[in-house]
Structure formats: C-alpha cells, structure tokens
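Here's the structure we're looking at; comments come further down.
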Amino acid sequence: MRYLILLSVLVLSSLPVQAKEAQPLALDPELEARANALSRELRCLVCQNQTIADSEAELAKDLKQQVREQLKAGRSNDEIVDYMVQRYGDFVLYRPRIQPTTLLLWAGPALLFVGGVLILLVSMRNRAARAASAEPSAEDISRAERLLQSEQEGKA
C-alpha cells in the first residue's frame with residue numbers, strides 16, 4: 001500500500017505544470033506604467049506596511065482597479081492621489097506629505113538623534129568632571145600612607 005501511495009505521488013508530481021505569462025491589466029502600456037507608479041505611492045489599508053502594488057489583499061486589488069479606472073477617465077496622478085486621501089485619509093499615502101500634522105513624523109528621527117547626541121555629550125562631560133574631582137587630596141594621601149604603614153607593621 002505504501003508503495004502505491006509513493007508511486008502515485010511521484011507520478012502526480014512529475015505531471016507538467018503549465019505556467020502562463022502574466023497579462024498586463026491595462027491594454028495601454030503607458031497607462032499601466034502610471035498605474036504601477038501610483039500603486040507604489042499608496043498604502044494597503046489592510047497590510048499597513050506594504051504598498052497596494054506589493055499587497056495581495058483584496059482591498060489592495062480593489063484600490064489598484066480604482067486607480068486604473070480613474071486613469072482611464074483621464075484624471076491626473078495628483079487628482080487620483082487627492083481622491084484617495086479624501087476617501088481614505090492621509091494614512092493611504094505610503095509617504096505622508098509634510099504638513100503640520102505630520103511634522104513630528106518627519107522631524108522625529110532627527111530630533112531623537114540630536115537629543116541622543118546631546119545626552120551623550122552631557123554624560124561624557126559629567127564623567128570627565130567627576131574624574132577630575134576624584135583626585136585625592138594631600139590629606140587623603142597621608143591617611144592612605146598611614147594605613148599602609150600600619151598594615152605592614154601588623155604583618156611584620
């Protein structure tokens with residue numbers, strides 16, 4: 001029985017697989033290129049970390065189709081992006097626009113870097129100041145010498 005199952009798996013796995021070449025979704029190559037470029041600028045609302053060009057989600061496919069339909073209707077790229085933002089909000093933009101509401105998003109990494117460098121510099125300065133003030137005074141040196149002498153006398 002095992003041999004029969006193994007033989008059937010081998011036979012079925014050796015059947016030719018017919019691969020089809022991907023058909024462009026738009027008949028106009030220029031229109032398809034514009035649709036692909038716009039699809040790389042819009043975020044998949046389901047995946048959130050992918051563009052609709054990269055996503056296989058049904059919503060992403062619907063959004064790609066909407067982009068193609070609007071391109072066929074003669075709308076410009078900016079008009080299509082504005083429509084998507086109006087309908088889905090700024091979140092649909094894969095690279096958000098610089099606006100007062102997104103300023104912290106754009107400036108945040110630079111602010112964190114500058115803040116980190118400032119904290120590092122202040123920390124290094126404080127450490128150097130502590131090291132400089134940690135030099136023993138003459139009184140500390142004489143006390144240490146007395147302790148060493150008493151310890152050596154105790155061993156002898």
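The values are calculated or read from the model by the stated rules, or taken from the named source; none is laboratory data. Predicted model only: the values in this text are computed from it and were never measured. Heads up, the Cβs are rebuilt from the backbone with ideal geometry, glycines too, and the neighbour counts pull from every protein chain shown.
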TODO: Looking only at region 51-58, decide whether some residue is assigned to a helix (DSSP H, G or I) and in the same structural domain as Leu38 (by TED's automatic domain parsing).
DONE: yes
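Test Arg97 against the stated conditions and say whether it is loosely packed, with under 14 Cβ neighbours inside 10 Å and assigned to a loop (DSSP other than H, G, I, E, B). Talk me through it step by step, then tell me what you get.
Working: loosely packed, with under 14 Cβ neighbours inside 10 Å: yes; assigned to a loop (DSSP other than H, G, I, E, B): yes.
Yes; evaluated as a whole, the condition is true for this residue.
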Open item on the list: Between Arg75, Arg68, which is assigned to a loop (DSSP other than H, G, I, E, B) and surrounded by 13 or more Cβ atoms within 10 Å (Cβ to Cβ)?
Closed with: Arg75
TODO: Starting from residues that are small (Gly, Ala, Ser) and without any contact (Cβ under 8 Å) to a residue 40 or more places away in the chain, keep the ones in region 29-65 and report whichever is surrounded by the fewest Cβ atoms within 10 Å (Cβ to Cβ).
DONE: Ala33
